[in-house]
1. In this structure, does GLN86 turn out to be more than 30 Å from ALA173 (Cβ to Cβ) and surrounded by 17 or more Cβ atoms within 10 Å (Cβ to Cβ)?
2. How many residues are open to solvent by 30 Å² or more (accessible area, probe 1.4 Å), assigned to a loop (DSSP other than H, G, I, E, B) and under 14 Å from THR115 (Cα atoms) if we restrict to segment 19-55?
3. Can you name the number of the only condition in (1) part of a loop (DSSP other than H, G, I, E, B); (2) within 30 Å of GLY178 (Cβ to Cβ); (3) open to solvent by 60 Å² or more (accessible area, probe 1.4 Å) that THR74 fails?
4. Tell me whether segment 112-129 contains one or more residues that are surrounded by fewer than 16 Cβ atoms within 10 Å (Cβ to Cβ), more than 24 Å from PHE57 (Cα to Cα) and among the basic types (Lys, Arg).
5. Being closer than 15 Å to PHE151 by Cα and open to solvent by less than 40 Å² (accessible area, probe 1.4 Å) is the filter here; which residues of segment 163-190 pass it?
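The values are calculated or read from the model by the stated rules, or taken from the named source; none is laboratory data. Small disclaimer: the values here were computed from a predicted structure and weren't measured. Methodologically, a virtual Cβ is constructed for each residue, glycine included, from the backbone with ideal geometry; neighbour enumeration extends over all protein chains shown. We work out accessible area using only protein heavy atoms, side chains counted, and drop any ligands, DNA or RNA first. Shrake-Rupley method; radii C 1.70, N 1.55, O 1.52, S 1.80 Å.
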Amino acid sequence: MVHYILIFIAAVLVNNIVLAQFLGICPFLGVSKKIDTALGMSAAVAFVMVLSTICTFLLQKYVLDPLGLAFLQTLAYILVIAALVQMVEIILKKLSPALYGALGIFLPLITTNCTILGVAIMVIQKDFTLLESVVFALSTAIGFGLALTIFAGIREQLRFSDIPKAMQGTPIALITAGILAMAFMGFGGIV
């Protein structure tokens, strides 16, 4: 049990996928202007990340490794992730149009989110079991959502601040992201 708690803390705070490993910067900067869009993107990423980690783990252990096709890992994972996102989109459209409408634009964006592929590859590199992989994927998604939501909240508050014209927009967002990353570095001694 302690092992899973350590995986959780490490993935959420210490080795945050966005702020420490710099994966998922595109949605981090692009979808972080409002808290509600950040939360929607976080939920969609969490769902797809856990589902794709399970599928790619099973693909690696029961197809690619036994057949000696490990060199096709990245290509196979990209195809699996794209197919899963499409499948989730179709199912949501049929079963829950309200949820589909709420997630609308976020689902196609997840196909190109490198955090999904990064986590799928990391669980294989770290030689995790299936349960450890799921805990890691869920924890990483929570860490992604935490960083995205905090950053969105800060950016919402920055709209009311007196920022010099040259620093408005992307420059202040990048400076803020750097300061947030340094704040998360303070968790480095926990695990």
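1. Details: more than 30 Å from ALA173 (Cβ to Cβ): yes; surrounded by 17 or more Cβ atoms within 10 Å (Cβ to Cβ): no.
Taking the combined requirement at face value, the residue does not satisfy it.
2. Adding up the residues that qualify gives 4.
3. Status for THR74: all satisfied but (1).
4. No, segment 112-129 has no match at all.
5. ILE172, ALA173, THR176, ALA177, GLY178, LEU180, ALA181, PHE184
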